[in-house]
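This report concerns only the one structure given below.
Values in this text are rule-based calculations from the coordinates and carry no lab data. Just so it is clear, the structure is predicted and the values come from calculations on it, not from any experiment. Positions of Cβ are backbone-derived with ideal geometry, glycine not excepted, and every protein chain shown enters the neighbour counts.
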């Protein structure tokens with residue numbers, strides 16, 4: 001009974017993934033015959049490709065921002081809404097809501113909000129007198145990557161909050177009661193009970209958020225296509241643009257290999273760090 | 001006291017961050033272009049459905065909408081059938097090959113599908129499957145099989161063997177065991193997977209962008225990128241398109257909040 005799924009999966013998932021290895025050793029425009037070049041693509045990317053280095057830096061910054069803030073905010077709101085009161089349940093549903101929208105819709109909503117002249121964000125900053133905060137959010141090389149990271153956090157915090165709430169509700173209530181009897185403050189309770197007990201969930205949330213941040217193709221492509229001047233270009237968009245705008249298929253395949261290696265490295269490190277602490 | 005005030009503050013800020021953009025879109029779709037730039041957040045002075053009329057008259061949004069419906073429904077149903085078949089098989093195999101198959105499918109979870117776009121494109125061009133909705137369905141199935149099988153296998157493994165054994169003694173075939181026991185018991189897991197697949201396939205941009213160029217084959221997210229260019233100066237039109245594209249998801253979310261939240265978090269955490 002496994003055969004039909006296995007056939008489709010092998011031919012359209014595993015085979016393409018493995019083909020990357022082969023293509024990455026070639027120079028190929030997608031139309032003519034691929035030309036074997038050995039490991040030249042791999043060495044070129046590291047020694048002689050400013051764009052690749054830039055994108056690597058962008059992706060690191062983007063993922064760090066998203067992982068830190070999305071994990072932090074989702075844990076914060078989860079602890080605030082963990083009790084099953086009517087108001088909490090309503091707010092959970094509301095915060096989860098962006099998750100069901102498409103990245104393209106979210107990109108268009110935020111393109112409007114980020115507009116330098118009439119966007120709600122700059123109107124707000126000017127209204128409260130903070131004119132220097134009113135930036136050209138999606139048009140300046142310094143602000144764009146962060147503006148997209150913020151949108152990504154807005155997009156998925158509610159989803160991770162729900163994961164956290166499920167974890168928090170597993171913590172035995174007695175632990176908090178005991179801590180309270182000992183006169184622990186809220187912050188002390190969080191440090192001594194919540195944080196250690198929720199660490200396994202944090203590991204899951206961080207691993208997922210990391211991968212999610214690497215997969216943010218739809219959002220970045222719909223918001224800026226990696227611009228201006230590649231300042232918001234991350235690995236997934238770089239791979240797409242290298243292949244389908246520049247027709248350098250072999251080079252794009254090499255970039256894919258580096259991206260997979262990088263993700264495996266990061267999730268491996270995370271797993272090790274969170275496990276030893278735990 | 002300090003906690004209460006900061007909690008209220010944090011919750012209010014995030015609530016505003018969700019509600020205000022939503023209102024901007026809803027109101028914007030009923031406003032004229034002049035008004036949306038003048039008073040972006042306020043409700044429209046004159047509610048008008050002119051944007052909707054213009055969108056349905058001037059654009060191909062009906063075609064894109066129907067394409068999205070067809071592709072999403074077929075992809076979800078076929079993935080569910082194939083994945084539940086495979087998961088049932090894997091869960092029922094006791095010896096090592098079951099473990100091997102499970103590991104093989106789980107491998108897909110570690111490799112983001114987006115990294116394989118070059119080979120997928122090459123493959124689809126070679127087999128003449130670009131600009132084809134069945135082709136799009138095929139790649140949707142392949143890319144969502146790993147996560148679906150991962151969730152369903154975990155569930156099927158929990159079904160006690162005795163149930164199958166007693167049915168087998170009564171002469172039930174393997175397919176009968178699958179249909180009458182596994183499927184019956186796994187309804188909650190199946191619906192969770194279905195919702196998860198529904199949302200990601202309905203919203204997906206990458207594969208349509210990769211494989212579809214013909215206007216009449218485009219799905220909603222892809223067409224919306226065109227509208228972005230076409231109506232670049234008219235956010236009221238763009239928001240009207242956002243409304244039309246999001247409405248099915250919103251209606252389903254409002255009607256089935258619990259299953260939506262459960263399905264999307266299960267799919268997320270395990271994927």
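Taking 0.36 nm per residue of separation and subtracting the Cα-Cα distance, full extension of the segment from residue B:95 to residue B:57 would add 7.7 nm. Helical runs assigned H by DSSP (4 residues or longer) give the protein assembly as shown a calculated mean residue ellipticity at 222 nm of -23500 deg cm²/dmol, each run adding -39500 (n - 2.57) before division by the residue total.
With respect to chain B, whose longest principal axis is taken over its alpha-carbon atoms, helix B:61-92 is tilted by about 20°. Pairs of alpha carbons in the protein assembly as shown separated by more than 29 Å make up 57% of all such pairs.
When the P(r) is computed for the range A:22-78, the part past 15 Å accounts for 67% of the Cα-Cα pairs.
Taking other C-beta atoms within 10 Å as the exposure proxy, A:54, B:99, B:218 rank B:99, A:54, B:218 from fewest upward.
Between the range A:74-112 and the range B:195-271, how many Å separate their Cα centres? Result: 17 Å between the Cα centres.
Per-residue extension of 0.36 nm, minus the Cα-Cα distance of residue B:174 and residue B:187, leaves a gain of 2.8 nm for this segment.
Note on residue B:10 and residue B:45: the model spin-label points, each 7 Å out from Cα along the C-beta direction, lie 4.2 nm apart. Taking label positions 7 Å along the Cα-Cβ direction at both residue B:162 and residue A:275, the computed distance is 3.6 nm, reported to one decimal. Using alpha carbon centroids, what distance separates the range B:1-33 and the range B:112-169, in Å? Answer, in whole Å: 39. The Cα center of the range B:56-72 and the Cα center of the range A:124-146 differ in position by 36 Å.
Note on residue A:184 and residue B:233: the model spin-label points, each 7 Å out from Cα along the C-beta direction, lie 6.2 nm apart. Here the average projected area of the convex hull drawn through the C-alpha atoms of the range A:174-278 stands at 9.2 nm². The fewest-to-most ranking of A:53, B:79 by surrounding Cβ atoms within 10 Å reads A:53, B:79. Mind checking which of B:213, B:144, B:240 has the largest fluctuation in a GNM of chain B, springs on alpha carbons under 10 Å? Looking only at B:213, B:144, B:240, the largest GNM fluctuation is found for B:213.
For chain B, the longest principal axis of the Cα atoms and the long axis of helix B:235-255 meet at an angle of about 40 degrees. To the nearest 10 degrees, how steeply does helix B:257-270 sit against the main Cα axis of chain B, on a 0 to 90 scale? Orientation of helix B:257-270: about 60 degrees from the principal axis. In the elastic network of chain A, a GNM with C-alpha springs shorter than 10 Å, the most mobile of A:19, A:88, A:74 is A:19. Under a Gaussian network description of chain A, with springs only between Cα atoms under 10 Å, the residue in A:134, A:178, A:207 that fluctuates furthest is A:178. Coordinate range of the alpha-carbon atoms in the range B:60-270 per principal axis, descending: 68, 42, 28 Å.
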